[in-house]
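The values are calculated or read from the model by the stated rules, or taken from the named source; none is laboratory data. On a predicted model such as this, the values are computed, not experimentally measured, just so you know. Here the Cβ positions follow ideal geometry from the backbone for every residue, glycine too, while neighbour counts run over all protein chains shown.
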Amino acid sequence: MSYKVAVVGATGNVGREMLNVLHERQFPASEIIPLASRRSIGQEVTFGDTTLKTKCLDDFDFSSVDIALMSAGGSVSKEWSPKIAAQGCVVIDNSSHYRMDPDVPLIVPEVNADAIAGYTKKNIIANPNCSTAQMVVALKPLHDLATIKRVVVSTYQSVSGSGKAAMDELWSQTRAIFVNDPVEPEVYPKQIAFNVIPHIDVFMDSGDTKEEWKMIVETTKILDPDIKVTATCVRVPVFLSHSESINIEFEKPFDEEEVRECLRTAPGIMLFDKREDGGYITPIEAAGEFATYISRIRRDETVENGLNLWCVSDNLLKGAALNAVQIAESLCSKFLQKG
Ligand SMILES: NC(=O)c1ccc[n+]([C@@H]2O[C@H](COP(=O)([O-])OP(=O)(O)OC[C@H]3O[C@@H](n4cnc5c(N)ncnc54)[C@H](OP(=O)(O)O)[C@@H]3O)[C@@H](O)[C@H]2O)c1
């Protein structure tokens with residue numbers, strides 16, 4: 001079985017990781033085609049030990065392609081996903097555009113792989129927001145254990161979540177401060193170097209930002225419509241990996257050791273939790289790793305059946321590229337059978 005795979009947005013942060021993950025997990029690909037904007041025609045991208053030349057999305061014919069991994073932003077996805085899907089190619093989309101479409105499954109394979117079956121309605125499968133993906137990996141086994149009623153999450157999100165330009169902005173502002181140059185915010189509304197910004201994506205009428213809203217609605221779509229979620233999303237001057245402080249209120253009483261055991265054995269999770277100096281995972285240690293790391297597990301005595309934990313994962317991997325490739329793997333093994 002082998003599949004022809006296009007990576008749309010292959011020159012970007014997520015696209016490059018998609019190429020790495022496809023290679024590292026030995027995805028059964030007969031051909032990999034990197035695509036981006038007209039600006040990048042001929043630009044070389046790395047796939048394992050080889051380099052591939054980027055082609056232009058605008059001129060590309062998808063009729064012989066099996067799967068398109070899309071990571072070129074919401075407006076490109078809005079325009080191109082239906083056109084690509086209409087040519088018989090299954091789109092796995094990283095943008096937020098189709099996530100809440102009732103005819104598009106929103107998938108984190110550790111949580112709701114069976115829902116992939118719904119892809120036939122539009123030939124599109126959505127990948128969740130990076131902060132949602134790692135959180136639901138952590139919540140799923142706990143929900144099965146003691147039924148989650150409410151979640152309060154605060155995020156500490158790295159700048160790679162806003163693309164290449166944002167990583168450059170953190171780097172150039174940091175440098176500018178050291179050499180006494182003026183700092184000009186461009187990607188973010190305020191200085192990001194040596195600062196934190198409690199604002200990700202646009203403000204909504206409720207006062208929540210769209211990033212906070214996404215965490216709420218995506219979690220209920222993926223995990224359980226009855227779970228109540230409230231979120232505060234914060235950008236921090238970290239290049240890679242998102243961190244989350246998660247407070248959970250369960251319906252049922254739980255035993256702390258049972259919680260640890262169920263997280264220790266759950267798919268996609270690495271438990272690292274020692275009550276001593278350095279006995280937890282930080283963003284730097286999660287960068288480049290496939291796992292979602294859980295630390296700082298302890299009971300919250302201020303509510304009945306309350307639990308606190310710390311959750312860290314590489315936002316370009318579990319938050320984007322890895323999750324998309326895992327969806328492609330499940331799609332191929334269960335739904336697309338090709339010689
Ligand atoms: N970063 C994350 O943590 C994360 C997590 C989940 C989802 N996502 C989503 O993934 C997408 C990409 O994010 P990113 O961080 O990789 O952004 P990025 O580093 O800015 O890369 C954007 C990519 O899109 C391509 N592109 C832009 N306009 C295009 C067009 N008109 N036609 C074809 N290709 C075009 C760019 O190609 P050129 O180089 O030719 O401009 C580049 O390859 C976004 O939808 C984002 O919301 C990101």
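Quick notes
- Positions within the range 69-107 being farther than 18 Å from Gly118 by Cα and basic (Lys, Arg), in sequence order: Lys78, Lys83
- Residue in the range 97-104 that is more than 16 Å from the ligand (Cβ to nearest atom) and closer than 23 Å to Cys332 by Cα present: yes
- Among residues of the range 264-276 that are within 13 Å of Ala138 (Cβ to Cβ), those with a Cβ under 6 angstrom from a residue that is assigned to a loop (DSSP other than H, G, I, E, B) and of a type in the set (Gly, Ala, Ser), sequence gap 6+ or separate chain, pair up as Met270/Ala291.
- Yes/no for Ala68 being within 14 Å of the ligand (Cβ to nearest atom), touching a Cys at 6+ places or on another chain (Cβ under 8 Å) and closer than 21 Å to Leu336 by Cα: yes
- Looking only at the range 71-96, and only at residues there that are near the ligand (Cβ under 8 Å from one of its atoms) and among the aliphatic types (A, V, I, L, M), the one that is farthest from Ala36 (Cα to Cα): Val76
- Qualifying residues in the range 305-326 (those that are in contact with a Pro (Cβ under 8 Å, 6 or more places away or on another chain) and under 21 Å from Val152 (Cβ atoms)) - the one surrounded by the fewest Cβ atoms within 10 Å (Cβ to Cβ): Asn305
- Of all the criteria given as (1) within 24 Å of Ser75 (Cα to Cα); (2) in contact (Cβ under 8 Å) with a residue 40 or more places away in the chain; (3) of a type in the set (A, V, I, L, M, F, W, C), the one not satisfied by Leu19 is (2).
- Any chance Cys130 is surrounded by fewer than 24 Cβ atoms within 10 Å (Cβ to Cβ), modelled with pLDDT of 95 or more and touching a strand residue (DSSP E or B) at 6+ places or on another chain (Cβ under 8 Å): no
- Gly268 closer than 19 Å to Ala321 by Cβ and touching a Lys or Arg at 6+ places or on another chain (Cβ under 9 Å): yes
- For beta carbons closer than 7 Å, sequence separation of 6+ or different chains, a first residue in the range 131-160 that is within 14 Å of the ligand (Cβ to nearest atom) and a second that is in a helix (DSSP H, G or I) and hydroxyl-bearing (Ser, Thr, Tyr), the qualifying pairs are Thr132/Thr219; Met135/Thr219; Val136/Thr219; Thr155/Ser131; Gln157/Ser131.
- Sole exception among (1) in contact with a Lys or Arg (Cβ under 9 Å, 6 or more places away or on another chain); (2) under 23 Å from Ser158 (Cβ atoms) for Pro82, by number: (2)
- Among residues of the range 299-339, those that are over 20 Å from Asp93 (Cα atoms), away from the ligand (no atom under 16 Å from the Cβ) and at pLDDT 95 or above, counted: 12
- Filtering Ile177, Ile192 for residues that are under 28 Å from Thr11 (Cβ atoms) and either over 21 Å from the mean Cα position of the chain (by Cα) or away from the ligand (no atom under 16 Å from the Cβ) (or both) leaves a single hit, Ile192.
- Residues that are in a loop (DSSP other than H, G, I, E, B), in contact with an Asp or Glu (Cβ under 8 Å, 6 or more places away or on another chain) and either of a type in the set (A, V, I, L, M, F, W, C) or farther than 23 Å from Cys130 by Cα (or both), drawn from the range 153-192: Pro185, Val187, Ile192
- When the strands (runs of 3 or more DSSP E) confined to the range 244-320 are screened for residues that are more than 17 Å from the chain's Cα centre (by Cα), those reaching at least 3 such residues are found at 292-300, 306-313.
- Within the range 22-39, being in contact (Cβ under 8 Å) with a residue 60 or more places away in the chain and under 17 Å from Met70 (Cβ atoms) holds for Leu22, Phe27.
- Those strands (runs of 3 or more DSSP E) lying entirely in the range 1-91 with at least 3 residues crowded, with 19+ Cβ neighbours inside 10 Å: 3-8, 29-36, 67-70
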